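Report on the following structure.
The values are calculated or read from the model by the stated rules, or taken from the named source; none is laboratory data. Just so it is clear, the structure is predicted and the values come from calculations on it, not from any experiment. Note that we place each Cβ from the backbone using ideal geometry, even for glycine, and neighbour counts take in every protein chain shown.
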Amino acid sequence: MRTVLANILAIYRRELSSYFASPLAYAIAAIFWLISGFLFWATLEGIVQQAAFYDAQAQAGAPVPPLDIPYEFIRAVLGVVGSLSLFVLPILSMGLYAEERKRGTLELLATSPLTNWSVAIGKLLGVVTFFITMSLPILVYEAIALANVNPAVQPSVLLLGHAGLILLAAAVLSLGMFISSLTDSTILAAIFTFALVLALWVIDLIARNFTGGLADAIGHLSLLKHYTNLVQGVVDTGSLVLFASYIVLGVFLTAQSIDALRFQRS
């Protein structure tokens with residue numbers, strides 16, 4: 001067991017250091033921070049204007065529905081960041097194995113004493129850690145914006161929403177890792193990963209064309225539906241199980257893909 005953990009840790013360090021040494025990774029992070037910063041500002045401005053409109057309506061004596069401004073702000077920010085992540089995550093995962101194939105080092109991994117599971121888990125942990133680093137400024141922005149809110153926002157609400165973002169990222173990156181293991185083209189890996197994630201994002205809309213248990217089963221596969229649950233502060237066991245299932249499925253399929261390559265080389 002210690003050997004397996006040591007192997008995972010070694011792959012994790014190697015993968016994480018490769019991201020922090022990659023100009024492309026820094027470029028992706030910079031673009032992500034730029035766009036997310038603009039979306040954060042636009043969302044904050046929209047929420048402030050909405051609150052001012054509701055306040056004016058209330059002073060005029062018009063009926064105003066209850067509005068939890070901090071909660072709506074958190075939900076809106078994480079909603080747009082989640083959508084933005086759909087474009088960023090396939091780019092982060094595209095080179096996990098495709099670059100290894102292109103450089104010819106995938107065969108070395110496939111025939112090394114390291115287990116396929118150890119390599120896949122180490123690589124996944126590395127890229128997820130890099131994404132967490134990318135998303136930390138958003139959490140800081142939200143904490144600053146909500147610092148003087150009265151009554152104060154419970155930290156658990158903010159942390160739960162970001163935990164949902166991390167679970168979403170881990171699920172997408174795990175599936176993207178599997179697709180990356182199938183090709184030596186990073187562009188194709190990114191395109192197919194985006195197509196798969198987009199399908200899982202909007203599959204809830206497809207489910208509306210069906211009825212009964214089939215509709216429920218198809219709708220349950222939706223990434224958007226379960227991500228929204230966590231962003232709204234709903235700790236649903238079904239959502240946690242679904243994200244965990246996507247993560248495990250991606251790691252399992254990746255391990256099987258590399259095992260097939262190992263069998264071809266033996």
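List every residue pair whose Cβ atoms lie under 9 Å apart, where the two residues are 6 or more positions apart in sequence or sit on different chains, the first residue falls within segment 118-130 and is in contact (Cβ under 8 Å) with a residue 60 or more places away in the chain, and the second residue, located anywhere, is among the aliphatic types (A, V, I, L, M) and not in a helix (DSSP H, G or I).
Going by the 9 Å Cβ cut-off, the qualifying pairs are GLY122/LEU114.
Being of a type in the set (Val, Ile, Thr) and under 30 Å from PRO155 (Cα atoms): is that true of THR237 here?
yes
Go through LEU188, LEU221, LEU230, LEU158 for me and flag whichever is more than 19 Å from VAL77 (Cβ to Cβ) and either among the hydroxyl-bearing types (Ser, Thr, Tyr) or buried (at least 16 other Cβ atoms within 10 Å of the Cβ) (or both).
Being more than 19 Å from VAL77 (Cβ to Cβ) and either among the hydroxyl-bearing types (Ser, Thr, Tyr) or buried (at least 16 other Cβ atoms within 10 Å of the Cβ) (or both) holds for just one of LEU188, LEU221, LEU230, LEU158, which is LEU221.
Given LEU78, LEU44, which one is of a type in the set (A, V, I, L, M) and in contact with an Asp or Glu (Cβ under 9 Å, 6 or more places away or on another chain)?
Exactly one residue qualifies, and that residue is LEU78.
If I filter segment 236-250 down to residues being among the β-branched types (Val, Ile, Thr) and at pLDDT 90 or above, which single residue comes out as nearest to LEU160 (Cα to Cα)?
Among them, the one singled out is VAL241.
Scan segment 1-37 for residues that are outside any helix (DSSP H, G or I) and not hydrophobic (A, V, I, L, M, F, W, C) and jot them down.
Scanning segment 1-37 gives a single hit, SER22.
So, in segment 189-223, how many residues would count as being within 23 Å of VAL127 (Cβ to Cβ) and either in contact (Cβ under 8 Å) with a residue 60 or more places away in the chain or aromatic (Phe, Trp, Tyr) (or both)?
9
Looking only at segment 249-260, decide whether some residue is assigned to a helix (DSSP H, G or I), in contact with a Gly (Cβ under 8 Å, 6 or more places away or on another chain) and surrounded by fewer than 20 Cβ atoms within 10 Å (Cβ to Cβ).
No.
Among the candidates LEU89, LEU84, which residue alone is in contact (Cβ under 8 Å) with a residue 60 or more places away in the chain and either assigned to a loop (DSSP other than H, G, I, E, B) or under 16 Å from the mean Cα position of the chain (by Cα) (or both)?
Matching residue, one of LEU89, LEU84: LEU89.
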